[in-house]
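The values are calculated or read from the model by the stated rules, or taken from the named source; none is laboratory data. Since we're looking at a predicted model, the values are computed, not measured.
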Amino acid sequence: ADIPVIPDLEDVQEEDLAMQVAAPPSVRVNRVLTYHDLDKDLLKYAAFQTLDWEVDLKLLTKVLAPEHELQEDDISWDWDHLFTEVSSELVTEWDLGQLERED
């Protein structure tokens, strides 16, 4: 009795969906945790030190880099300068490899 029917293209075009806007979801966000808070939670709770209660992540959590070591200065890259630098390093490595082969 309830057989799905594919609508005709003319019927779909008649509907004006362009002016209809979906309502945004209503989710309460208290605050976003900082890296410092996440680091404290990671070390404090043992639940974060195992994955699926099988894989031990304690070794990984001991060697994670702190946030201040991950921050880098924004440096703009110039294509010509970068290309020259990389090609110079490659030529230097190639020359060193040639000298080692000759010795």
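Summary table
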quantity	calculated
Selected residue (only one of Leu82, Leu99 is in a helix (DSSP H, G or I) and at pLDDT below 85)	Leu99
Residue count, the stretch 4-53 (criterion: over 30 Å from Glu67 (Cα atoms), modelled with pLDDT under 75 and assigned to a loop (DSSP other than H, G, I, E, B))	7
